[in-house]
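Since the structure comes first, as structure tokens, the remarks are kept for the end.
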Amino acid sequence: MYTPVFKELSGRGFGEIVKIVFSGSSGAVRRITVRPLRLKGGDFWQCEKIVDDKAFHQNIEAEKLQTVLGGILNSNGFSDINIFLADKHISYHTASNGRLNRKESARKENRTVELSHDRKKSYILPEGTEIPPLVDLGVFDSSYRVVKSKYGKFVQINRFIEIIAEKLKHFSGNELRVVDFGCGKSYLTFIVYYYFTFIRNINTRIAGYDVKKEVIRDCRGIAERYGYSGIEFFEADISRGFSCPQAADMMISLHACDTATDYALWHAIQNNVRFVFSVPCCQQEINRQIKFRDEYSLLGQYGLYKERFSAILTDTIRCEVLRSCGYDVDVVEFTDSSATPKNAMIRAELKHPPPGANMGVNAALADINRVARYFNVSQTLLNLINGAAAEGQADGLLADEHTSG
Ligand SMILES: C[S@@+](CC[C@H](N)C(=O)[O-])C[C@H]1O[C@@H](n2cnc3c(N)ncnc32)[C@H](O)[C@@H]1O
């Protein structure tokens, strides 16, 4: 009976169908909507089933559309099937005599087929916003539409800026000073500047740091081209002594590789930077060292899990070091994992700055050291804070000696 529907759909490519809606059933499944969905892992059909006013979602591989339709049509008795293509609407209705009637009409406006998971989400800097550096960086095309291959980046930088915007919604300073470590091509740097300068009207100064000479040269060129005079770029290896002339209210780092995140956080800690937004990636330092001993050796059996365990241990240590230095810390998923699998952001605000010499000398630091000793690992940020704490204690002892003697 549904052969015409199958025929109708079998000649259509994945990107041609906007959605298919099945309705008019007296059964428990009242409505099913099928939409194309492009994820990192490939193309899928997302089926949304409405059962008792609740929505259930399932993603099915693109090539299995016919099988999916067969299952839906044979078991649910839907009387109406509406197929929405970019330019037309085709509907099938099963009449009381059992005949399937077809109608076709042109759609008033041509629709584009939106394949992304985030289709319903609105962004703080949506597609179409005239941000010229994003054209130079290949995120937007010349009509300010998102370039398909850069969609993940577009989502990441939007979500990042949304989280910052929320945290700083009451920021009332005359000037906002930002450092961006491991800025790379500086997608994020440019939109942070754009957002605070042109949308929030705050005088914004940003210093972007990266170890790559060419990247810094290109970023300087873009900033100059658009008169973004508040952004400066510096070529520097942040793991070595580098000079950072500008004090900062906020430190951002997006995917600063491996221990570069530690040096970024360390800079924030040492300079009492109030706001920290850091998304770590490729946390290899602990993964290279960790050995699970004795009865725990099975924890190290599977490379992927070992890697994830090491990343979690690394980032937990980082959060706790920040906490030991007076930051309130939380961790949020700033995008879903289709935009980037490295989607955990460490968000921190300095609320209880400790007196300089006592940096990190407290119970929190003792707890972290105990954990690191247990796993027999050395971790960069922890080493840096331990070094500073030891120096602080030595200075304190010296001061005591001077006053008592
Ligand atoms: C994965 S990219 C991320 C770039 C950018 N933040 C983004 O999200 O598009 C990491 C960047 O960190 C930089 N980087 C890594 N180690 C560094 C170090 N020790 N000092 C400065 N930059 C570093 C790399 O050169 C690279 O550009």
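Between helix 363-375 and the chain there is an angle of about 70 degrees, using the helix long axis and the longest principal axis of the Cα atoms.
3J(HN,Hα) couplings calculated from phi for the range 161-173 with the Karplus curve 6.51 cos²θ - 1.76 cosθ + 1.60 (θ = phi - 60°) are, in sequence order, 5, 4, 5, 4, 4, 5, 5, 9, 5, 9, 4, 10, x Hz; Gly and Pro show x.
When the charge dipole of the range 132-395 is built from unit charges on Cβ atoms (+1 for Lys and Arg, -1 for Asp and Glu) and taken about the Cα centre, the candidate among Val139, Ala344, Cys183 whose Cα reaches farthest toward its positive end is Val139. Amide H contacts of Ser25 (H built 1.01 Å from N, in plane; Pro and chain starts excluded): Ser79 sit under 5 Å, all sequence-distant by 5 or more or on other chains.
Take the Cα of Ile312, step 7 Å toward its Cβ, do the same at Ala28, and the gap between the two points is 3.4 nm. Angle of helix 213-225 to the longest C-alpha principal axis of the chain, folded into 0 to 90 degrees and rounded to 10: 70°.
By how many nm would the segment from Lys351 to Val51 lengthen if fully extended, with 0.36 nm per residue of separation less the alpha-carbon distance? Taking 0.36 nm per residue and subtracting the Cα distance, the gain is 103.3 nm. The charge dipole of the range 253-335, taken about its Cα centre with unit charges on the Cβ atoms of Lys, Arg (+1), Asp and Glu (-1) only, comes to about 140 debye. Modelled spin-label separation between Ala86 and Gln58, with each label point placed 7 Å from Cα along the Cα-to-Cβ direction: 3.0 nm.
Ellipticity at 222 nm from helices only: DSSP H runs of n ≥ 4 in the chain, each -39500 (n - 2.57), divided by the residue count, give -11000 deg cm²/dmol.
In the chain, a dipole from Cβ-located charges (positive for Lys and Arg, negative for Asp and Glu) runs towards its positive end, and of Ser25, His170, Ile50 it is Ser25 whose Cα lies farthest in that direction. The dipole here belongs to the chain: it is taken about the Cα centre, uses +1 on the Cβ of Lys and Arg and -1 on the Cβ of Asp and Glu, and is about 1780 debye.
Full extension of the chain segment joining Ser378 with Lys212 gains 57.1 nm, where the gain is 0.36 nm per residue of separation less the Cα-Cα distance. Can you give me the long-range amide H partners of Ala256? Hydrogens built in the peptide plane at 1.01 Å from N, cutoff under 5 Å, separation of 5 or more residues or another chain. Those qualifying (amide H under 5 Å, at least 5 residues apart or on another chain) are Val279, Cys281. For Glu320, the solvent-accessible surface computed with a 1.4 Å probe is close to 50 Å², ligands and nucleic acids excluded. Protein-only accessible surface at a 1.4 angstrom probe places the residues Ser23, Ser10 in the order Ser10, Ser23, largest first. Protection proxy ranking for 321-331, 166-176, 233-243, using the average of other Cβ atoms within 10 Å per residue and placing the highest first: 321-331, 233-243, 166-176. Annotation: for a label point projected 7 angstrom from Cα along Cα→Cβ of Asn203, residues of the range 221-264 with backbone N closer than 13 Å are 230.
Within the shell defined by Cβ-Cβ distances under 14 Å, the residues around Gln379 carry a net charge of -2, with Lys and Arg each +1 and Asp and Glu each -1. Pick out which of Arg217, Arg99, Arg347 has the largest mean-square fluctuation in a Gaussian network model of the chain, springs linking Cα atoms closer than 10 Å. Among Arg217, Arg99, Arg347, the largest GNM mean-square fluctuation belongs to Arg99. Under the convention that each Lys and Arg Cβ holds +1 and each Asp and Glu Cβ holds -1, the size of the dipole of the range 199-302 around its Cα centre is about 220 debye. When the Debye formula is applied to the Cα atoms of the range 276-339, each taken as the same point scatterer, what base-10 log of I(q)/I(0) results at q = 0.19 Å⁻¹? Listed by q, the Debye log ratios stand at -0.84. Taking packing as the residue-averaged number of other Cβ atoms within 10 angstrom, the listed peptides 180-193, 277-290 run from highest to lowest as 180-193, 277-290. Heavy-atom accessible surface of Cys257, to the nearest 10 Å², is about 80 Å², with a 1.4 Å probe and all protein chains retained. Within the assembled protein chains, the solvent-accessible surface assigned to Glu61 is about 80 Å², based on a 1.4 Å probe. The share of accessible area on the chain that comes from carbon and sulfur is 49 percent, using a 1.4 angstrom probe. A simple rule links phi to the HN-Hα coupling: the Karplus curve 6.51 cos²θ - 1.76 cosθ + 1.60 with θ = phi - 60°, which for the range 56-64 gives 10, 10, 8, 9, 10, 4, 3, 6, 9 Hz, with x for Gly and Pro.
Restricted to Cα atoms, the chain shows a radius of gyration and a Dmax of 27.3, 106 angstrom. Among the DSSP beta bridges whose two residues both lie in the chain, what percent are antiparallel, rounded to the nearest 5? Around 70 percent antiparallel, to the nearest 5.
Think of the chain as having a plus end and a minus end, set by charges on the Cβ of Lys, Arg, Asp and Glu; of Val329, Asn386, Leu65, Leu65 sits farthest toward the positive end of this dipole. For the chain, the longest principal axis of the C-alpha atoms and the axis of helix 303-324 are separated by about 50°. Taking all protein chains into account, the per residue accessible area for the chain stands at 51 Å² (1.4 Å probe). Assuming a viscosity of 1.306 mPa s and a temperature of 10 °C, what translational diffusion coefficient in µm² per second does Stokes-Einstein assign to the range 3-106, Rh being the Kirkwood radius over Cα pairs? The Stokes-Einstein estimate is 112 µm²/s.
The values are calculated or read from the model by the stated rules, or taken from the named source; none is laboratory data. Note that this is a predicted model, so its numbers are computed, not measured. Note that each Cβ is placed from the backbone with ideal geometry, even for glycine, and that neighbours are counted across all protein chains shown. Side chains are part of the model used for accessible areas, which takes the heavy atoms of the whole protein and leaves out ligands, DNA and RNA. Shrake-Rupley method; radii C 1.70, N 1.55, O 1.52, S 1.80 Å.
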